[in-house]
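Working notes, structure below.
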Amino acid sequence: MQLERRLIGVRAAVRGLRSDGGTVALVPTMGALHAGHIALVARAREVADYVVASIFVNPTQFGEGEDFDAYPRTEAEDAEKLEAAGCDLLWTPRPEEVYPTGFSTTIRLTGVTEGLCGASRPGHFDGVATVVAKLFNQIRPDYALFGEKDYQQLALIRRMARDLDFEVEVIGVPTVREADGLALSSRNAYLTEDERARAVALPDALGETAAAIVAGDDAGDAIIAAKAKLFEAGFATVDYIELRDAETLEPVETPERPARLLAAARIGKTRLIDNIAVEMG
Ligand code: PAF
């Protein structure tokens, strides 16, 4: 696996990969890789001839007081995992390669970014959209893979690619979970043993609520019960539990089209997010 830190180098490396006419898939990450990221690489290998992964802890998507400085940085281990997973090229840009002096451009989406994490993390999705647009321009991938775990992020990237005519197919990959159902996340590393044990209440509550809605229960009542369950389990705050249209992310009361139940809640100092499909039979 080749590793590049300079834009000029990664562009030449991608040209080299493409020289036999093969296709390229991009797996953008912020490192601290776990099995969820490796599932993205595995899917990328199925859809494209060559896989490029990026590792960049993007400062513009962290708000004030968020965990930019504390975010786990494990580049050597990450590179080993990517190589073992069959990644061809690793792009780990220096910050100045991504944000040169005087950088003045921000991509902001409306609609899909409103509410949910867009409400509790102001500016976060501007940072995500801007860096992903840059990664698309840097690598020019045929495919780009993102986890469904960050469902609102996936929705906004699909929308941005369509709106701005990026020639890339955005592919969502199902969330990888621990044996008890907790979604894998780099931020799970912040959980104490006790918090980790309690955190399973989040996927449990989502699963029960989705099942209740599919069975015909009122979504509003089911969501109130889910919030109570999280507080009972020791969650300190619940930023949101909401039922949204699976594609547009518009609020939904009774799902007639595929919907998604999305949640964010804090246990101790850690903010966890998760989501689950709600599809009427
Ligand atoms: O999901 C992530 O790890 C990040 O938000 C992404 C897509 C790599 C952009 O920095």
| Rounded to 5, percent antiparallel among DSSP beta bridges of the chain | 50
| Of PHE103, PHE136, PHE68, which is the most mobile in a GNM of the chain whose springs link Cα atoms less than 10 angstrom apart? | PHE103
| Along its principal axes, what span do the Cα atoms of the chain show, with the longest given first and each in whole Å? | 56, 40, 38
| said: Largest first and in whole Å, what are the equivalent-ellipsoid semi-axes of region 1-134 based on the Cα gyration tensor, each being the root of 5 times an eigenvalue? | reply: 26, 17, 16
| query | Hey, how many Å between the Cα centroid of region 104-159 and the Cα centroid of region 8-60? | reply | 17
| request: Report the full-extension gain for the segment ALA211 to VAL47: residue separation times 0.36 nm, less the Cα-Cα distance, to one decimal in nm. | output: 55.8 nm
| said: With a cut-off of 8 Å between alpha carbons and a minimum separation of six or more residues, what is the relative contact order of the chain in percent? | reply: 17
| note | At q = 0.20, 0.26, 0.27 1/Å the base-10 log of I(q)/I(0) from the Debye formula over the alpha-carbon atoms of region 142-197 is -0.76, -1.01, -1.05
| query | Given a Förster distance of 22 angstrom, what is the FRET efficiency for GLU96 paired with ARG73, based on the Cβ-Cβ distance and rounded to 0.05? | reply | 0.80
| query | Roughly speaking, what is the centre-to-centre gap between region 220-281 and region 176-202 when only Cα atoms are used, to the nearest Å? | reply | 17
| task | Compute the Cα gyration tensor for region 169-267, then decide on rounded, prolate or oblate, letting a ≥ b ≥ c be the square roots of its eigenvalues: rounded whenever a/c is under 1.5, prolate when a/b is larger than b/c in the other cases, and oblate in all that remain. | result | oblate
| field | Overall dimensions of region 209-281 by Cα: Rg and Dmax, Å | value | 12.3, 38
| request: Would you work out if region 89-227 is rounded, prolate or oblate? Take a ≥ b ≥ c from the square roots of the eigenvalues of the alpha-carbon gyration tensor; rounded if a/c is under 1.5, else prolate when a/b is larger than b/c, oblate otherwise. | output: prolate
| task | Please report, in whole Å, how far the alpha carbons of region 169-208 spread along each principal axis, starting with the longest. | result | 41, 25, 14
| task | Determine one quarter of the surface area of the Cα convex hull of region 72-169, which equals its mean projected area, and express it in nm² to one decimal. | result | 7.5
| Build a GNM of the chain with springs between Cα atoms under 10 Å: which of SER104, SER186, SER19 gets the top mean-square fluctuation? | SER104
| For region 1-62, what are the per-bin percents of Cα-Cα distances with bins 10 Å wide, up to the bin holding the maximum? | 20, 48, 29, 3
| remark: If one builds a Gaussian network model of the chain from Cα atoms under 10 Å apart, the most fluctuating residue listed among TYR143, TYR151, TYR190 is TYR190
| note | Candidate cut points under GluC sites (Glu not before Pro) in region 204-273, DSSP loop plus at most 12 other Cβ atoms within 10 Å of their own Cβ, are GLU253, GLU256
| What are the lysines whose alpha-carbon lies under 24 Å from the alpha-carbon of LYS227, with same-chain residues fewer than 8 places away excluded? | LYS149, LYS269
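Quick note: the coordinates plus some simple rules give every number you see, no bench work behind them. This one's a predicted model, so the numbers in the text were calculated from it and none came from an experiment. Note that each Cβ is placed from the backbone with ideal geometry, even for glycine, and that neighbours are counted across all protein chains shown.
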